[in-house]
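Here is the structure we will look at.
What follows draws every value from the coordinates through simple rules; no lab data is involved. Nothing here was measured: the structure is a model prediction, and the numbers come from that model. Glycine also receives a Cβ, built like all others from the backbone with ideal geometry; neighbour counts cover every protein chain displayed.
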Amino acid sequence: TLAKKRYVEVVSQVRRRWECPNCHRRGVKRESVGIWLCKKCGFKFAGGAYVPTTKLGEVAKRSMAKEPVEEGLLVKLERKKAKKGRKGRLKAST
């Protein structure tokens, strides 16, 4: 049946050995729901319930690799926060 096929697919994904993001060897096994452990290097990390990486995590990783954070943008954000803080102090003191 369809339900049995889906169950077998999920269980086979959970039980197989995955590639470690730290040492890149096939040694990652599921320890509990969302907790994965590499048997080769001992690296423990959080991931999906049935697979070590989630689709959302992969998308985020790709977007971070494409666009490095600009230092100028961070400075602008800090200046905006400082201006907001000064305005708030002026209103409170009058």
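Among the listed pairs Lys5/Lys39; Lys5/Lys29; Lys44/Lys81; Lys61/Lys81; Lys44/Lys83; Lys39/Lys61, which are separated by more than 31 Å between their Cα atoms?
With Cα atoms farther than 31 Å apart: Lys44/Lys81; Lys44/Lys83.
With a 10 Å Cβ neighbour count serving as the proxy for reagent exposure, in which order, fewest first, do Tyr7, Tyr50 appear?
Tyr7, Tyr50
Could you check the simple spin-label distance between Arg15 and Leu56, using points 7 Å along Cα→Cβ, in nm with one decimal?
3.0 nm
What would the Debye formula give as log10 I(q)/I(0) at q = 0.21 Å⁻¹ for the alpha-carbon point model of segment 1-48, no solvent?
The calculated log intensity ratios at q = 0.21 Å⁻¹ are -0.67.
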